[in-house]
Ligand code: CA
C-alpha cells in the first residue's frame, strides 16, 4: 500500500506521543491527514474542510469532551468517527457511540488494529453507506444476501427462516455495516424503547439470529459481539 489513498483523515489528540503514533501510521500507509489537539480546532477543521473523510478522535481533550465534538458534528455530517479512549470505563465509549461514533479503540492499541479500523470506516464512506440508504433494495456481504423488498435473507442462496424480530435486527445491522451499534441504539430502533430490562431478550434474539446464519455458513462470523457495548455487522472481507 502507500501513496494511493485519497482519503483525508483528521486526527484529534492532545497527547503528542499518541498523535505522532497515529500520524506516522497514516503517513506510512499513504493517507493524507491533518492533526489538531483541541476540540475547538477540530470543529473548525470539520466546518471548513468538507473533504475530510474520517475523524480519529480522542475523547479526553483539554477544552471540550470528545463526545460533544461528535454530537456537534452529527448536526450536519455523517463523516465516520473512530474514537480513541484512554479510559477503561465502557460508559465513555458507549456515550460516544450513542452520539454517532462509528467505532472505538481503547488505548493502548496496536497500529495494525488502528489501520484495520481505518480501512473499515473508509469503506463505509466509499460505499456511501453512512446514514440511511433507502434506495438499496439488495444487500450482499460474503455468503449473506438480503432482499429488502421481499424481506428475505439468504445464506449462499438458501433462504434463512427468521422471525420478524430476528429479521429486523439483521436489517438494522446490515444497514449499518462496519459500525458498532450500542445496545441502547438497537433497543430503541427495534423495540422502540431502551429499557435495560430488554437487554437479556436482545442477547437471546442475537444469539439465535447468529446461530441461524452460521448454521448455513460455518465460520462466517458476520456479527461481532462487543462485550458490554453492542454489536457490529462486519464485511466478510474484514472478518477474516
Ligand atoms: Ca487526551
Can you pull out the residues in the range 203-223 that are surrounded by 15 or more Cβ atoms within 10 Å (Cβ to Cβ) and in contact with a strand residue (DSSP E or B) (Cβ under 9 Å, 6 or more places away or on another chain)?
206, 209, 210, 212, 213, 214, 216, 217, 220, 222, 223
Which residues, counting only those in the range 22-53, are farther than 18 Å from residue 101 by Cβ, surrounded by 17 or more Cβ atoms within 10 Å (Cβ to Cβ) and more than 22 Å from the chain's Cα centre (by Cα)?
37
Matching helices (runs of 4 or more DSSP H) fully within the range 139-240 where at least 2 residues are over 30 Å from residue 118 (Cβ atoms)
164-175, 199-216
Is it fair to say residue 115 is farther than 23 Å from residue 228 by Cβ, in contact with a helix residue (DSSP H, G or I) (Cβ under 9 Å, 6 or more places away or on another chain), part of a strand (DSSP E or B) and more than 16 Å from the ligand (Cβ to nearest atom)?
no
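Taking the options 111, 160, name whichever one is surrounded by 13 or more Cβ atoms within 10 Å (Cβ to Cβ) and under 19 Å from the mean Cα position of the chain (by Cα).
On inspection, the qualifying residue turns out to be 111.
Where a number appears in this text, it was derived from the coordinates with a stated rule and is not lab data. The shown structure was predicted, so the numbers you read here are calculated from the model rather than taken from an experiment. Counting neighbours? That spans all protein chains shown, and the Cβs are built from the backbone with ideal geometry, glycine included.
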